[in-house]
Amino acid sequence: MRIIGGENRGLTLASVGKGDPGAHLRPTTDRVRESIFNMLLGGRYGDPVTGARVLDLFAGTGALGLEALSRGAASAVFIDSGRPAQKLLRENIAKTGRQDQSACLSVDIRRLPPAPAPAELIFLDPPYGAGLGPSALAAAQAGGWIALGALILCEEAEVVTPPGGLTLLDTRRYGDTVLTVLRAEG
């Protein structure tokens, strides 16, 4: 697993290999991450990355948020309650040298504390089939984590049904991964 583009392009990240089912760690493959960022920066959504505050929910290794930082995001908050994930997050943030732009929270995503500032770009990659996506999005909305107009990318085994206030923009399938793109509306 490596950073695909930007300042940290080619940097190899600490990895869990094929994943850690016990810890619900299933890293986004390089191919899917590259497709995500090609879609994000392909013009359809403007440039939602440069200067953005990023929220990486169910962050795991942090690869999505770190990719965004490498490509010009201003800051990222990584949230994952698992111990293995927290260890990998800290290691990967250090490898990329992004400590000053990053914060890690080890909390249950359904019980988020109030946000220090809302994020304009949100990645959501819950354990597949657990049904945690909509409740995590609702908690993020309630805690002020999602900015008006924010772009949200949900990685799941199926299309994520958006809670109120979020509009479905697109869905794409990559093998067993379905990417759902949402926008926060007023």
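I need the full set of residues from the range 77-107 which are among the polar types (S, T, N, Q) and farther than 19 Å from Gly6 by Cα, in order please. Reasoning before the result, please.
Our first condition is that a residue be among the polar types (S, T, N, Q); within the range 77-107, this holds for 81, 86, 92, 96, 99, 101-102, 106.
Selection gives Ser81, Gln86, Ser106.
Filter the range 143-156 down to residues that are in contact (Cβ under 8 Å) with a residue 60 or more places away in the chain and in a strand (DSSP E or B) and give me whichever is surrounded by the fewest Cβ atoms within 10 Å (Cβ to Cβ). Spell out how you get there, then give the answer.
Filtering the range 143-156 down to residues in contact (Cβ under 8 Å) with a residue 60 or more places away in the chain leaves 145-147, 151, 153, 155.
Of the ones still in play, those that are also in a strand (DSSP E or B) are 146-147, 151, 153, 155.
Values: Ile146: 23, Ala147: 18, Leu151: 22, Leu153: 23, Glu155: 23.
So the residue we want is Ala147.
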For residues that are free of Cβ contacts under 8 Å to residues at least 24 places away in the same chain and among the charged types (D, E, K, R), scanning just the range 67-122, find the one that is farthest from Arg53 (Cα to Cα). Lys87
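Residues in the range 133-141: is at least one surrounded by 14 or more Cβ atoms within 10 Å (Cβ to Cβ), more than 22 Å from Val49 (Cβ to Cβ), within 17 Å of the chain's Cα centre (by Cα) and not small (Gly, Ala, Ser)? Don't jump to the end; show me each part of the working.
Going through the range 133-141, the residues surrounded by 14 or more Cβ atoms within 10 Å (Cβ to Cβ) turn out to be 133-141.
Applying the additional criterion that residues be more than 22 Å from Val49 (Cβ to Cβ) yields 134-135, 138-139.
Filter once more, so that each one left must be within 17 Å of the chain's Cα centre (by Cα): 134-135, 138-139.
The next check asks that each one be not small (Gly, Ala, Ser); those that pass are 134.
Within the range 133-141 (the criterion being surrounded by 14 or more Cβ atoms within 10 Å (Cβ to Cβ), more than 22 Å from Val49 (Cβ to Cβ), within 17 Å of the chain's Cα centre (by Cα) and not small (Gly, Ala, Ser)), the answer is yes, since at least one residue qualifies.
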Going residue by residue through the range 128-142, is there one that turns out to be assigned to a loop (DSSP other than H, G, I, E, B) and touching an Asp or Glu at 6+ places or on another chain (Cβ under 7 Å)? yes
Within the range 20-43, does at least one residue satisfy the condition of being at pLDDT 95 or above and among the small types (Gly, Ala, Ser)? no
Take Gln101 and tell me if it is of a type in the set (S, T, N, Q) and touching a helix residue (DSSP H, G or I) at 6+ places or on another chain (Cβ under 6 Å). yes
Being at pLDDT below 90 and buried (at least 20 other Cβ atoms within 10 Å of the Cβ) is the filter; apply it to the range 157-176 and report the residue that is nearest to Ile36 (Cα to Cα). Val160
Just a yes or no: is a residue in the range 67-78 within 15 Å of Ile109 (Cβ to Cβ) and at pLDDT 90 or above? yes
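The values are calculated or read from the model by the stated rules, or taken from the named source; none is laboratory data. Because the structure is predicted, anything quoted here is derived from the model rather than measured. Note that each Cβ is placed from the backbone with ideal geometry, even for glycine, and that neighbours are counted across all protein chains shown.
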